[in-house]
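Participant: Structure provided below as structure tokens; questions to follow.
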Amino acid sequence: MENKKEFTQINSLEDLKAFELKENTLITVLFYKKSSEKSMTALDRMKNTAASIENPVIAMVDVEKARDIHKELGVTTVPTVVTIKDGRVVKKIEGLQSEETYRILLANVPRKLADGTVAPPLRISVYTTQVCPHCSTVKKHLKRKGVPFREIDVSKDQDSAAELQRRTGQTGVPQTDINGTWVMGADLGKIDRIIAAR
């Protein structure tokens, strides 16, 4: 049984600003309320997911206790998970999600390493062509999961096509580069596992 992580409880907008200043990176905040079964399930899933991630920067806000924060950040329903940088919401996921979705979300958020530095962000490039149905499958999957990526159409960019062949020895698409780890084809399970293991 994995140990669940304890998140920082935020009780006011000032607490949130101080937490963000202290962490000095993107932070993830779960908005919930104890009287909502879906909220409590989301909190449990987030804690289960965070247990496998080294030093995630996560806070939680009980909207029944801290009534100013969710309004300031445009949160209108619980559970909602937001990623915040410099006091602004850069990503928002509303409603109860699967542990896999939370895992993908947290894989995209910087985390503090043991030496106090921040781990590099997730970098994903999907090499495609316009007429490739499997490429569309990969892109739709990443979009549905809320995972940012850069699309490189090798039919329009011969330099990128040559670079792809040099790096992988392959010319077929789709090919997905996840921080230097390559996935050939539309292997969505493998893509999810690599992202989650980051």
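Participant: Name the pairs: first residue in the range 142-171 and at pLDDT 90 or above and loosely packed, with under 13 Cβ neighbours inside 10 Å, second residue in a helix (DSSP H, G or I) and of a type outside the set (D, E), Cβ to Cβ under 9 Å, at least 6 apart or on different chains?
Facilitator: Listed by first residue and then by second, the contacts come to T171/A161; T171/L164; T171/Q165.
Participant: If the Cβ limit is 8 Å and pairs must be 6+ apart or interchain, which residue in the range 64-78 that is without any contact (Cβ under 8 Å) to a residue 60 or more places away in the chain and under 13 Å from Q9 (Cβ atoms) pairs with which residue that is surrounded by 13 or more Cβ atoms within 10 Å (Cβ to Cβ) and of a type in the set (D, E)?
Facilitator: From the range 64-78, the pairs are A66/D15.
Participant: Also, quick follow-up: Could you identify the single residue in V90, V61 that is assigned to a strand (DSSP E or B), touching a strand residue (DSSP E or B) at 6+ places or on another chain (Cβ under 9 Å) and loosely packed, with under 14 Cβ neighbours inside 10 Å?
Facilitator: One residue alone meets the criteria, V90.
Participant: Something else about it: How many residues are surrounded by 18 or more Cβ atoms within 10 Å (Cβ to Cβ) and among the polar types (S, T, N, Q) if we restrict to the range 172-190?
Facilitator: Counting residues in the range 172-190 that are surrounded by 18 or more Cβ atoms within 10 Å (Cβ to Cβ) and among the polar types (S, T, N, Q) gives 2.
Participant: Related question: With the requirement that a residue be over 30 Å from L96 (Cβ atoms) and exposed (fewer than 14 other Cβ atoms within 10 Å of the Cβ), what does the range 127-141 give you?
Facilitator: Scanning the range 127-141 gives Q130, V131, P133.
Participant: Scan the range 10-18 and tell me whether some residue there is within 19 Å of Y102 (Cα to Cα), touching a Phe, Trp or Tyr at 6+ places or on another chain (Cβ under 7 Å) and either surrounded by 15 or more Cβ atoms within 10 Å (Cβ to Cβ) or at pLDDT 95 or above (or both).
Facilitator: Filtering the range 10-18 down to residues within 19 Å of Y102 (Cα to Cα) leaves none.
Taking every residue of the range 10-18 in turn, none turns out to be within 19 Å of Y102 (Cα to Cα), touching a Phe, Trp or Tyr at 6+ places or on another chain (Cβ under 7 Å) and either surrounded by 15 or more Cβ atoms within 10 Å (Cβ to Cβ) or at pLDDT 95 or above (or both).
Participant: Going through the range 121-135 one residue at a time, which ones are farther than 12 Å from D153 by Cβ and modelled with pLDDT of 95 or more?
Facilitator: Scanning the range 121-135 gives P133, H134.
Participant: Any residue that is surrounded by 16 or more Cβ atoms within 10 Å (Cβ to Cβ) and touching a Pro at 6+ places or on another chain (Cβ under 7 Å) - is there at least one of those in the range 37-49?
Facilitator: yes
Participant: Oh, and also: For the range 22-58, which positions are of a type in the set (A, V, I, L, M), in a helix (DSSP H, G or I) and modelled with pLDDT of 85 or more?
Facilitator: M40, A42, L43, M46
The values are calculated or read from the model by the stated rules, or taken from the named source; none is laboratory data. Please read these numbers as outputs of a predicted model, since none were measured by experiment. All Cβ positions, even for glycine, are placed from backbone atoms using ideal geometry, and neighbour counts span all protein chains on display.
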